Structure formats: C-alpha cells, structure tokens
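Have a look at the structure below before the remarks.
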Amino acid sequence: MFGNWAQHAFIDPFDHGNSYKNSITYINSKYNWQCWNDGYHISHHLKQNLHWTEHPAYFQHTIINYSINNAVVFYKIDFIEVSFYLLIKRYDLLAKYFVNIGDCFDSDKEIITFLKGRVQRFEFAKQ
C-alpha cells in the first residue's frame, strides 16, 4: 500500500481524473528491471492491457503527452524513495531526480513549487 500511495501522491486538483496528472512514472530505475516495469504507472493506467515489456517504448512514443500534461516523471529512483522523500519533506531530492520533459521548468525551485502544489490537500467538487 505504501508504494501505491507514492504512485498517486502528486495529483492535480483541477484535473484529478487525468492519468497523466494523478499517477507518476519512473524511468531508468532498477525497480523497473526487478518488477516488470511497474514504474511506468501512468501508462499502466492509460493502457491496462499493455504488456510489461512494451511500457518503455510506449513512454517514448507518447512523451509529448507527458510534457503537455506536466506529468510527474522521475529517473533512477522508485516508489519507496519517493515515499520516503515525501515523508521527510525533501523536495530538493525529488527535484534532483525529476525529469523535466519539454524543459517546462527553469530551475529546481520551480520544480519544487510544482511538486508541492501537487501534494496539497483538496476537496472533490460535489456532483
């Protein structure tokens, strides 16, 4: 359950139903090698039937969508490390491993502000 919390820790409160904005992805992570590319969590939600060996190519093929949606992507770390860094509020370390797809952010400070904005408490709109 701890890992699943990290997989969905960075949610955009204005578009929380968007898989690019309510899940994260890990690339170049030892975890993916050990756990059948489980770190490609966004693509897992987008294409549930995608074979585990196809996730890296799918990520590369659809990378523009990650940029357009400001998806949270990390490299070289996994869910346990992300969970730990969140618990001890080390956003500087999260920024260190953040993949700035499309160069949307000019500095680590901007990345940290973005990540903090995605972990804020919010209420769902009443329907």
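Nothing in this text is a laboratory measurement; each read-out follows from the coordinates by a stated rule. Bear in mind the structure is a predicted one, so any value in this text is a computation, not a measurement. Neighbour counts are summed over all protein chains in view; Cβ atoms, including those assigned to glycine, are modelled from backbone coordinates with ideal geometry.
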Item to complete: Using a 10 angstrom cutoff on alpha carbons, build the Gaussian network for the chain and name the most mobile of L86, L94, L50.
Response: L50
Item to complete: Take a quick pass over the chain and tell me how many lysine pairs come in under 21 angstrom between Cα atoms, counting only ones 8 or more apart or on separate chains.
Response: 17
Fill in: Only Lys, Arg (+1) and Asp, Glu (-1) charged, at Cβ; the chain dipole about Cα centre in debye
260
Discussion item. Which residue fluctuates most in the GNM of the chain (Cα springs below 10 Å): D12, D38, D92?
Written reply: D92
Worksheet item: Taking the Cα centre of each part, how many Å lie between segment 45-98 and segment 4-35?
Response: 5
Response to the item:
Charge dipole of the chain built from unit charges on the beta carbon (Lys, Arg +1; Asp, Glu -1), centred at mean Cα; most positive-end Cα among N69, I80, W36 is I80
Worksheet, complete the sentence: What helix-only [θ] at 222 nm does the chain give? Using -39500 (n - 2.57) per DSSP H run of at least 4, over all residues, to the nearest 500, the answer is -11500 deg cm²/dmol
Worksheet item: Using the Kirkwood radius built from alpha carbon pairs, what does the Stokes-Einstein equation give as D for the chain at 10 °C and 1.306 mPa s, in µm² per second?
Response: 108
